[in-house]
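Q: The structure follows.
Derivation of every value follows stated rules applied to the coordinates shown; laboratory data play no part. On a predicted model such as this, the values are computed, not experimentally measured, just so you know. No Cβ is skipped: glycine too gets one built from the backbone with ideal geometry, and neighbour counts run over all protein chains shown.
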Amino acid sequence: MSLLLSIMSSLSSAQINLVTNGSFEDTVACPQGIGEISCALGWSSFSRTPDYLNACNTSTTGTSYAGVPANLFGYQYAKTGNAYVGVYSYARFGTDYREVVGSQLISNLVVGNSYFIQFFVSRGFNLSPGHINIESNKLGVRFSTVSYNDTNPIPIDNFAHIFSDSIISDTSNWIQISGFFVADSAYQFISIGNFFNDSATTFNLLDSSASFAYYYIDDVKVIDSTLTYINQIADIEEILLFPNPFYDKLNLNINDFKSIIIFDATGRKCIRYTSSSTIKSIDLRSLSKGIYFIRICTSKDIFFKKIIKQ
């Protein structure tokens with residue numbers, strides 16, 4: 001057991017999150033009101049006036065109300081620590097009104113490498129001001145080789161590298177949005193928001209007088225999924241997949257799992273299985289030849305592994 005823990009500790013150190021201040025805990029200064037995203041170390045506006053919300057703000061009124069868990073846009077504890085950011089993802093009145101947060105990555109993405117992207121969102125809800133009671137989809141991540149700002153905003157042109165097609169409704173819990181992405185450029189910047197225009201965004205109007213959909217964002221990660229940590233931990237934890245490379249079937253030796261999802265190299269979900277003690281192999285004849293990634297959720301953790309169909 002001590003050897004296992006030692007190996008896990010060593011490998012875990014290689015799992016580097018390329019996002020600066022991904023949980024928004026590090027501050028330049030405590031926000032004195034809404035729209036002060038620059039108070040979050042390493043983050044800025046890539047469109048409009050996204051908000052930095054932090055428990056250090058103790059105001060309870062007006063546009064100064066930028067605390068955690070209570071703030072102008074609703075009530076939510078941070079996923080991690082005492083801070084998160086918030087953006088408008090849809091506005092009922094005003095064409096393609098979007099707020100987007102952005103940051104420079106710790107290092108450029110490597111062309112051809114596959115990356116795992118993850119962040120968590122929770123829907124804001126407040127009857128005033130502006131009646132924040134709309135829910136929407138298309139929240140996602142977009143990478144770029146250039147930076148943007150409020151006067152030169154990122155385009156809203158129906159493209160994101162990963163995004164949720166599902167409408168996020170939950171105002172109580174943090175909902176994970178994640179996926180894989182193969183870098184086709186040496187991207188230097190990450191941005192988060194809704195990059196799809198009004199006609200491509202699906203929304204639910206929960207109140208006839210509501211004007212906005214608003215979402216909190218926390219715990220942003222970009223991890224190179226080719227790191228040995230991802231493959232070796234899966235083996236150490238007695239998650240055995242064979243043969244790899246495979247032809248038609250992938251055999252499994254898993255003591256406990258809740259779900260198995262297979263993604264292609266672009267991050268598209270191809271196959272999904274839920275918990276079952278009877279699954280000993282997966283029929284993958286429907287897949288084309290190429291590189292895929294398998295995500296295995298157990299009762300303890302989530303593991304990723306690259307698999308190859310010949």
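Q: So which lysines can LYS138 reach, going by Cα to Cα under 22 Å and dropping same-chain residues fewer than 8 places off?
A: LYS79, LYS221, LYS269
Q: Helix 2-12 versus the longest principal axis of the chain: what is the Cα-based angle in degrees, 0 to 90, to the nearest 10?
A: Once rounded, one gets 50 degrees.
Q: Taking H placed 1.01 Å from N in the peptide plane, check which residues at least 5 places from ILE271 or on another chain put their amide H under 5 Å from its amide H.
A: So ILE271 has HN proximity to ILE262.
Q: Then there's this: For LYS280, go through the lysines and keep the ones whose alpha-carbon is under 17 Å away, minus same-chain ones fewer than eight residues off.
A: LYS249, LYS258
Q: Next question, about the same structure. Please compute, for the alpha-carbon atoms of the range 131-222, the extent along each of the three principal axes and give them in descending order in Å.
A: 44, 29, 20
Q: Let me ask something else about it. What ³J(HN,Hα) values, in whole Hz, does the Karplus curve 6.51 cos²θ - 1.76 cosθ + 1.60 give for the range 195-212 when θ = phi - 60°, with x put for Gly and Pro?
A: Per residue, the Karplus-derived 3J(HN,Hα) values read 9, 9, 6, 4, 5, 9, 9, 9, 9, 10, 8, 8, 8, 4, 9, 5, 10, 9 Hz.
Q: Please check: in the Gaussian network model of the chain (C-alpha springs, under 10 Å), which one of LEU287, LEU53, LEU72 has the largest mean-square fluctuation.
A: Comparing LEU287, LEU53, LEU72 in a Gaussian network model of the chain, the most mobile one is LEU287.
Q: If you don't mind, another one. Please list the equivalent ellipsoid semi-axes of the chain, computed as the square roots of five times the alpha-carbon gyration tensor eigenvalues, in descending order and whole angstrom.
A: They are 36, 21, 19 Å, listed largest first.
Q: Hey, in the chain, which Cys have no second cysteine's beta-carbon closer than 4.7 Å?
A: Unpaired cysteines in the chain: CYS39, CYS270, CYS297.
Q: Go through the range 117-126 residue by residue and turn each phi into a ³J(HN,Hα) via Karplus (6.51, -1.76, 1.60, θ = phi - 60°); whole Hz please, and just put x for glycine and proline.
A: Once rounded to whole Hz, the list reads 10, 8, 8, 10, 9, 8, 7, x, 8, 7.
Q: Moving to a separate point now. Can you grab the distance from the C-alpha centre of the range 30-107 to the C-alpha centre of the range 124-155, Å, no decimals?
A: A separation of 10 Å, based on Cα centres.
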